Amino acid sequence: MSRARVARRIAAGAAYGGGSIGLIGVAAVGIVLAEAQLAKRTVGTGTAPLPPAADGLYGRAFGAEDPLRLALLGDSTAAGQGVRRAGQTPGALLASGLAAVAERPVTLRNVALSGARSDDLERQVSLLLAQPLGPPDVCVIMIGANDVTHRMPATESVRLLAAAVRSLRTAGAEVVVGTCPDLGTIEPVYQPLRWLARRASRQLAAAQTIVVVEQGGRTVSLGDLLGPEFAANPREMFGVDLFHPSAEGYATAAMAVLPTLCASLGVWPEPDRLEPGRREDMLPVAKAAAEAAKQAGTEVTGARAPWALLKHRRRRRLTEAGEAAEAGAAADSGEAPEGRGEPLPQDSPRA
């Protein structure tokens with residue numbers, strides 16, 4: 001069965017209350033359990049730092065009036081576990097990058113929780129919608145890895161994600177979802193568990209894309225955490241526990257998500273029209289979801305149902321984003337900043 005058909009079945013099962021759709025054959029269970037025990041003894045031998053708090057105002061050079069409101073939801077990847085400095089977290093990197101592109105200040109609120117699965121999204125959404133200032137302008141959700149590792153049924157996982165996106169969209173927020181990362185890239189995981197983890201991750205990512213687009217959101221495939229850099233340099237892109245990204249890894253992820261984040265608010269300098277030279281196309285949503293799951297960094301945006309736009313936006317390197325983002329967070333908390341100014345995406349309109 002094609003990946004597109006499997007993803008559509010999972011999404012349909014979530015929408016109509018269907019039962020669990022297994023992602024791993026029963027015959028492989030014995031081998032998988034043996035490999036999983038070996039992986040557990042290797043992964044996590046180091047201790048990843050707890051996520052540093054990065055909430056606050058970014059882009060102070062543009063003033064403090066009428067800031068854009070950005071929120072992050074999800075698991076440890078969204079929270080930024082694995083780095084020690086606030087400016088190295090994906091929330092801080094995205095907030096500072098958005099401020100530079102939009103030329104407006106940005107307030108960041110991160111409600112992501114390390115270890116969270118999709119069943120925690122309802123709580124996180126409630127926290128955001130209870131804010132006195134109203135819903136955020138845009139939300140970034142990164143979720144799915146713990147659903148796979150804890151064997152949450154895929155239909156339940158995507159149903160919970162769809163409900164969260166629907167609530168946020170109904171409240172007026174734009175939503176960008178970084179789909180389930182490719183767990184087959186974790187270095188200590190050996191075959192055949194590596195292949196099975198990659199298969200399960202990609203199937204869930206494709207199903208996530210379908211339900212998010214149907215609810216009016218956009219997705220960016222995290223895949224192998226956004227680029228060949230992870231496959232070529234896993235010891236640099238992963239943190240000390242060999243599971244969570246390092247500072248370089250989070251920066252790579254933020255560079256891939258930033259264009260879609262900005263485009264959702266209409267501030268990205270590139271138009272939304274398709275560029276065939278970059279293998280962009282309009283496809284049925286299930287096929288677009290399957291294609292995106294195969295190539296990290298691919299954006300899927302809804303068009304006229306049942307069609308979706310498959311885009312490969314140009315990444316823009318965040319120049320000194322970590323230091324500058326930390327300076328913004330420190331300034332908001334009253335601490336002495338260590339950065340050297342506001343971040344700008346490389347070759348952005350203001351760079």
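Quick test for you: out of Ala112, Ala102, pick the one residue that is among the small types (Gly, Ala, Ser), closer than 19 Å to Leu258 by Cα and out of contact with any Asp or Glu (no Cβ under 9 Å at 6 or more places or on another chain).
So the residue among Ala112, Ala102 that is among the small types (Gly, Ala, Ser), closer than 19 Å to Leu258 by Cα and out of contact with any Asp or Glu (no Cβ under 9 Å at 6 or more places or on another chain) is Ala102.
Hey, among Leu309, Leu274, Leu283, which residue is assigned to a loop (DSSP other than H, G, I, E, B), touching a Leu at 6+ places or on another chain (Cβ under 7 Å) and without any contact (Cβ under 8 Å) to a residue 40 or more places away in the chain?
Details: Leu309 fails: assigned to a loop (DSSP other than H, G, I, E, B); Leu283 fails: assigned to a loop (DSSP other than H, G, I, E, B).
Among Leu309, Leu274, Leu283, only Leu274 is assigned to a loop (DSSP other than H, G, I, E, B), touching a Leu at 6+ places or on another chain (Cβ under 7 Å) and without any contact (Cβ under 8 Å) to a residue 40 or more places away in the chain.
Can you tell me which residues in region 119-163 are part of a loop (DSSP other than H, G, I, E, B) and of a type in the set (D, E, K, R)?
Asp137, Arg151
Restricting attention to region 252-288, report how many residues are small (Gly, Ala, Ser) and either more than 30 Å from Gln88 (Cα to Cα) or surrounded by fewer than 20 Cβ atoms within 10 Å (Cβ to Cβ) (or both).
Total meeting the criteria: 4.
Tally time: how many residues in region 160-181 are in contact with a Leu (Cβ under 8 Å, 6 or more places away or on another chain) and open to solvent by 10 Å² or more (accessible area, probe 1.4 Å)?
Matching residues across region 160-181 total 6.
Residue-by-condition table, conditions (1) of a type in the set (D, E, K, R); (2) at pLDDT 85 or above; (3) open to solvent by 20 Å² or more (accessible area, probe 1.4 Å):
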{"residue": "Leu242", "(1), (2), (3)": "no, no, yes"}
{"residue": "Ala308", "(1), (2), (3)": "no, yes, no"}
{"residue": "Glu320", "(1), (2), (3)": "yes, no, yes"}
{"residue": "Ala351", "(1), (2), (3)": "no, no, yes"}
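Is it the case, given these coordinates, that Gly227 is touching a helix residue (DSSP H, G or I) at 6+ places or on another chain (Cβ under 8 Å), under 18 Å from Arg314 (Cα atoms) and at pLDDT below 75?
Answer is yes for this residue.
When region 131-141 is examined, which residues are found to be among the aliphatic types (A, V, I, L, M) and modelled with pLDDT of 95 or more?
If the condition is that a residue be among the aliphatic types (A, V, I, L, M) and modelled with pLDDT of 95 or more, then Val138, Val140, Ile141 are the ones that fit.
Which one is farthest from Gly249 (Cα to Cα), of the residues in region 92-109 that are under 17 Å from the mean Cα position of the chain (by Cα) and open to solvent by less than 20 Å² (accessible area, probe 1.4 Å)?
To start, the set of residues in region 92-109 that are under 17 Å from the mean Cα position of the chain (by Cα) comprises 92-98, 108-109.
From the residues that got through so far, the ones that are open to solvent by less than 20 Å² (accessible area, probe 1.4 Å) too are 92-98, 108.
Working: Ala92: 14, Leu93: 12, Leu94: 14, Ala95: 17, Ser96: 17, Gly97: 16, Leu98: 19, Leu108: 20 Å.
Among residues in region 92-109 that are under 17 Å from the mean Cα position of the chain (by Cα) and open to solvent by less than 20 Å² (accessible area, probe 1.4 Å), the one farthest from Gly249 (Cα to Cα) is Leu108.
Just checking, how many residues over region 47-85 are of a type in the set (D, E, K, R), out of contact with any Ser or Thr (no Cβ under 7 Å at 6 or more places or on another chain) and either under 16 Å from Leu128 (Cβ atoms) or part of a loop (DSSP other than H, G, I, E, B) (or both)?
Of the residues in that region, 5 qualify.
Considering region 110-124 alone, what residues qualify as being of a type outside the set (Ser, Thr, Tyr), touching a helix residue (DSSP H, G or I) at 6+ places or on another chain (Cβ under 7 Å) and open to solvent by 10 Å² or more (accessible area, probe 1.4 Å)?
Asn110, Val111, Ala112, Leu113, Gly115, Arg117, Asp119, Glu122
Can you pull out every residue in region 125-159 that is surrounded by 20 or more Cβ atoms within 10 Å (Cβ to Cβ) and among the hydrophobic types (A, V, I, L, M, F, W, C)?
Val125, Leu128, Val138, Cys139, Val140, Ile141, Met142, Ile143, Ala145, Val148, Ala154, Val158
Let me spell it out: the conditions are (1) of a type in the set (Phe, Trp, Tyr); (2) closer than 15 Å to Ala78 by Cα; (3) modelled with pLDDT of 85 or more, and Trp268 meets all of them except one. Which number is the exception?
Result: Trp268 passes all but (2).
The values are calculated or read from the model by the stated rules, or taken from the named source; none is laboratory data. Fair warning: this is a prediction, and the values are worked out from it, not measured in the lab. Positions of Cβ are backbone-derived with ideal geometry, glycine not excepted, and every protein chain shown enters the neighbour counts. These area figures cover heavy atoms from the full protein model, side chains too; ligands, DNA and RNA do not enter into them. Shrake-Rupley method; radii C 1.70, N 1.55, O 1.52, S 1.80 Å.
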